[in-house]
Amino acid sequence: MKHLIPEFERLKTRLPPGHDATLLLPCLRRIQEDQGYIADGDIEGLVEYLGVPRIQIEEVLSFYGMLRRAPIGRWHLQVCHNVSCSMRGAERLLDHLSGRLGIQPGETTPDRRFTLSTVECLGACGTAPVVMVNEAYHENLDPAGLDALLERLD
Amino acid sequence: MTGRKVLTGFEITADSHTLAGYRARGGYEALAKALKTMQPRDVTQEIVDSGIQGRGGAAFPAGRKWQGIDPHDGQPHYLIANADEGEPGTFKDRWVLEHDPHALLESMLLGSYALGVRHAFVYIRGEYDRPWRRLDAAVEEAYAEGLFGENILGSGFSCDLFVFRGAGAYVCGEASSLLGSIEGTRAWPRNRPPRMTVRGLYQAPTVVNNVETIASMAWIIRNGAQAFREIGTEKSPGTRLISISGHIRYPGVYEVELGYSWTKFLHEDCGGLLCNKPLKAVIPGGISSQVMTGMDAKVLTPGEVEGMTLDHEVLRAAGSSLGSGGMIVIAEGTCMVRLLQIMLRFYRHESCGQCTPCREGTGWMHRIIDRIVAGEGRPEDIGTLYHIARFNDGTTICGLGDAAGYAATAMLDNFRDEFDYYIEHGHSKFGGNLECQ
Ligand SMILES: Cc1cc2nc3c(=O)[nH]c(=O)nc-3n(C[C@H](O)[C@H](O)[C@H](O)COP(=O)(O)O)c2cc1C
Ligand code: SF4
Ligand code: FES
């Protein structure tokens with residue numbers, strides 16, 4: 001994480017002074033974006049850089065669904081299965097994906113290409129069903145559209 | 001046409017979301033006017049006079065919240081725009097972030113001036129990548145033109161803005177939980193009192209408002225409170241962004257003048273139901289607002305019944321609410337037992353766990369409904385669900401525990417026969433169907 005410190009320092013300029021712990025979540029997000037997950041060494045680094053106790057960092061890490069302590073597949077497929085998406089075919093989509101990849105939600109394919117997850121409402125209910133692939137939303141999907149999308153993910 | 005517009009009355013073009021596009025339609029004129037001719041208190045008074053109610057769920061008068069802060073008491077104050085938008089069915093703040101981010105930013109500046117805020121925040125949900133990119137680009141444009149930072153427009157007023165990204169937790173949309181998230185701690189909701197306008201972010205007086213609430217402020221300052229009051233109804237002034245989804249032909253975000261006919265909205269503006277099915281039920285304002293039957297909503301078919309209007313009072317009187325504006329339309333033939341199962345799974349997943357009735361109650365209700373759906377329901381299950389739901393009410397720190405209970409009781413009250421049928425026969429009266437076929 002050390003190479004990201006200049007970036008973190010720039011973030012500080014728009015924050016009120018004396019509240020460095022506010023940078024904890026932004027730092028964790030940035031580290032994960034950089035290397036895919038948060039390692040033990042990163043936690044040590046943040047204890048030192050932000051002056052936040054280790055236990056507080058562990059609590060924050062376990063609080064949020066998006067933060068990870070271990071790497072996952074290259075493509076993270078997150079299928080929304082909340083009300084509006086389910087009313088537009090999300091359950092069929094999930095079954096299709098699970099069958100095609102041979103894994104259940106929460107699992108990664110042996111070649112580490114795909115990780116499959118379910119998520120709660122993504123705020124795209126008007127274009128349901130939606131699957132989030134890494135950062136990007138793919139909306140109005142049906143099984144055929146999903147197959148076409150998978151072909152494009154190496 | 002869904003009535004007069006406050007937020008969406010412009011044409012979306014390639015650059016309508018940029019600073020240049022916003023300026024071309026009068027953007028940042030309200031800020032210049034306020035900084036030159038108004039005292040901070042005058043700005044707050046204008047918001048009070050407009051009568052605007054919060055658009056995040058509870059419809060609390062925004063002006064009254066702002067009056068809870070004395071801009072000249074010498075302490076730091078904070079203003080936070082709540083862009084967490086996690087309430088299932090809701091996607092309207094995303095419209096503002098993607099299509100009119102500068103309306104939010106200008107309004108944040110006006111609010112910061114009114115409340116004596118030096119450092120303001122936007123808390124945006126972690127999954128919103130594209131909306132965040134749009135917002136972030138707008139913030140950089142505004143900084144580059146001296147609209148944030150020191151001595152804005154030569155007025156002596158200084159203000160910085162930090163866009164804080166969440167990381168996937170519904171409860172962080174709850175205003176006090178959001179504070180913990182920004183402070184770098186586990187984001188547990190906090191007991192009130194003290195109110196957040198007394199002790200909020202970093203223990204200082206803080207206002208948290210929904211994105212749509214704040215984004216309307218620039219319009220109010222530019223056009224005046226009186227002009228705002230002329231839109232909508234006497235008790236529900238202005239407009240609401242309604243995000244509509246489910247079994248509806250034209251889902252999307254619509255700006256609806258408060259007091260507009262619900263029947264017209266559903267059947268004309270939104271094209272009526274999918275598959276030409278009759279309306280079975282509607283959840284008016286996100287799953288935390290009580291489900292209504294099509295009959296109760298009086299919007300069954302065009303012309304068949306006298307329609308209800310969309311405003312805060314009418315929906316409250318009908319036992320539900322406009323909530324977050326996330327309207328979910330449910331056609332005849334849908335299995336309500338399965339829908340409640342999805343809702344309860346959600347609340348169980350999102351409970352932060354610090355209050356026993358919420359932590360245990362959401363889990364317990366979810367286990368019961370899972371069992372009913374698996375065909376192993378017992379006759380006493382309905383009574384137990386009611387019991388847990390009522391026990392939650394009012395005994396928890398934040399509204400999540402209450403909402404889970406309300407969702408369950410409203411579904412049971414309105415569709416009791418379906419739950420009884422499922423338990424008695426071990427399968428759904430509607431084949432477990434959720435889609436409109
Ligand atoms: C569990 C829970 C989740 C909430 N999520 C949101 C949200 O995503 N966005 C929002 O604006 N308000 C949300 N609220 C309401 C906020 O606590 C707060 O009332 C609101 O942001 C105030 O803004 P307003 O007065 O402008 O409506 C939530 C409340 C609860 C109990
Ligand atoms: S009601 Fe539920 S979500 Fe809210 S503070 Fe209590 S346990 Fe947490
Ligand atoms: S229910 Fe899937 S995006 Fe809202």
Test: residue B:57 is within 16 Å of ligand 2 (Cβ to nearest atom), part of a loop (DSSP other than H, G, I, E, B) and in contact with a helix residue (DSSP H, G or I) (Cβ under 6 Å, 6 or more places away or on another chain): no
Test: residue B:229 is within 16 Å of ligand 2 (Cβ to nearest atom) and away from chain A (no Cβ under 11 Å): no
Looking only at region B:73-93, decide whether some residue is more than 10 Å from every other protein chain (Cβ to nearest Cβ), open to solvent by less than 10 Å² (accessible area, probe 1.4 Å) and in a loop (DSSP other than H, G, I, E, B). yes
Please work out if residue B:70 is open to solvent by 50 Å² or more (accessible area, probe 1.4 Å) and in contact with a Lys or Arg (Cβ under 9 Å, 6 or more places away or on another chain). no
All conditions in (1) facing another protein chain (nearest Cβ under 10 Å); (2) in a loop (DSSP other than H, G, I, E, B) are true of residue B:162 except (2)
Subset tally (residues that are at the interface with chain B (Cβ under 7 Å from one of its Cβ atoms) and surrounded by fewer than 20 Cβ atoms within 10 Å (Cβ to Cβ)) for region A:44-66: 4
From the residues in region A:14-42 that are within 18 Å of the chain's Cα centre (by Cα) and aliphatic (A, V, I, L, M), which one is farthest from the other protein chains (Cβ to nearest Cβ)? A:39
Cβ-Cβ under 7 Å pairs, at least 6 apart or on other chains, region B:386-409 side within 14 Å of chain A (Cβ to nearest Cβ), far side at pLDDT below 95 and within 13 Å of ligand 1 (Cβ to nearest atom): B:404/B:392
Tell me, which residue of region B:311-332 that is more than 14 Å from ligand 3 (Cβ to nearest atom) and open to solvent by less than 20 Å² (accessible area, probe 1.4 Å) is nearest to the other protein chains (Cβ to nearest Cβ)? B:331
Among the candidates A:110, A:105, residue that is at negative phi and either in contact with a Pro (Cβ under 7 Å, 6 or more places away or on another chain) or touching a residue at least 12 places away in the same chain (Cβ under 8 Å) (or both): A:105
Could you tell me which of the residues B:79, B:7, B:31, B:97 is at negative phi, among the aliphatic types (A, V, I, L, M) and either at pLDDT below 95 or more than 16 Å from ligand 1 (Cβ to nearest atom) (or both)? B:31
Residues located in region B:273-307, provided they are on the phi > 0 side of the Ramachandran plot and either open to solvent by 20 Å² or more (accessible area, probe 1.4 Å) or in contact with a helix residue (DSSP H, G or I) (Cβ under 7 Å, 6 or more places away or on another chain) (or both): B:275, B:276, B:298, B:303
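The values are calculated or read from the model by the stated rules, or taken from the named source; none is laboratory data. From a predicted model like this one, the values you see are computed outputs, not experimental measurements. Don't worry about glycine lacking a Cβ; one is built from the backbone with ideal geometry, like all the others, and counts go over all protein chains shown. The protein model used for the area step is the full one, side chains on, heavy atoms only, and it has no ligands, DNA or RNA in it. Shrake-Rupley method; radii C 1.70, N 1.55, O 1.52, S 1.80 Å.
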